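Laboratory data are not the source of any read-out in this text; all were calculated from the coordinates shown. In this text, all values refer to a predicted model and were calculated from it rather than measured experimentally. A quick note on method: Cβ atoms are made from the backbone with ideal geometry, for glycine too, and the neighbour counts reach across all protein chains shown.
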Amino acid sequence: MPIDPTLPYDDANIFAKILRGEIPSAKVYEDDWAFAFEDINPQAEVHTLVVPKGRYVSWDDFSAKASDAEIGGFIRAVGEVARMKGLVEPGYRLMANIGAHGGQEVPHLHVHIFGGEPLGPMIWKR
Ligand code: 5GP
């Protein structure tokens, strides 16, 4: 079920639990601003999720309310994970789903990193 990105942050969401270490994840990277782990249901050869450590529901929430340091730290972490995975030269794709039309299911901002193979068209076509 897609989430409503205008609702307040819910500390019980699954990625909050991963960040607190309450449920396991396949960790890829961590710094002061971000945590990266493998998607449990990969949609490409490489499918890694990067989340900010702060309590932000979506890209909308984050871009409106996060500090410049949080935003800078998060963006740099996404790039770092892609470099660590060797994705720069072959190329890769970033995606952040927001709300119902975006198909967002977890109410903690996450960027999907897809790669490791040609990724096909940018978006589903009718
Ligand atoms: P969204 O649709 O919100 O953009 O993407 C949520 C992503 O989180 C999905 O790709 C889904 O497979 C992944 N996911 C959901 N629950 C878990 C979990 O418990 N662990 C991990 N590693 N990924 C999860």
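What's the FRET efficiency of Arg83 with Lys53 using the Cβ-Cβ distance as r and R₀ = 22 Å, to the nearest 0.05?
According to the calculation, E is roughly 0.65.
Go ahead and collect, in residue order, the members of the stretch 21-62 whose backbone nitrogen is under 17 Å from a label point 7 Å along the Cα-Cβ direction of Thr6.
The answer is 57-62, whose backbone nitrogens lie closer than 17 Å to the label point.
For the chain, just list the percent of Cα-Cα distances falling in each 5 Å bin from zero outward, please.
Histogramming the chain at 5 Å steps yields 2, 11, 21, 24, 22, 14, 6, 1, 0 percent.
If every alpha-carbon in the stretch 21-80 counts as one equal scatterer, what log10 I(q)/I(0) does Debye give at q = 0.13, 0.15, 0.19 1/Å?
Each listed q maps to, in turn, -0.35, -0.47, -0.73.
Residue by residue through the stretch 4-15, what is 3J(HN,Hα) from phi via Karplus (6.51 cos²θ - 1.76 cosθ + 1.60, θ = phi - 60°)? Round to whole Hz and write x for glycine and proline.
My calculation for the stretch 4-15 gives 8, x, 8, 6, x, 4, 10, 5, 8, 5, 4, 6 Hz in order.
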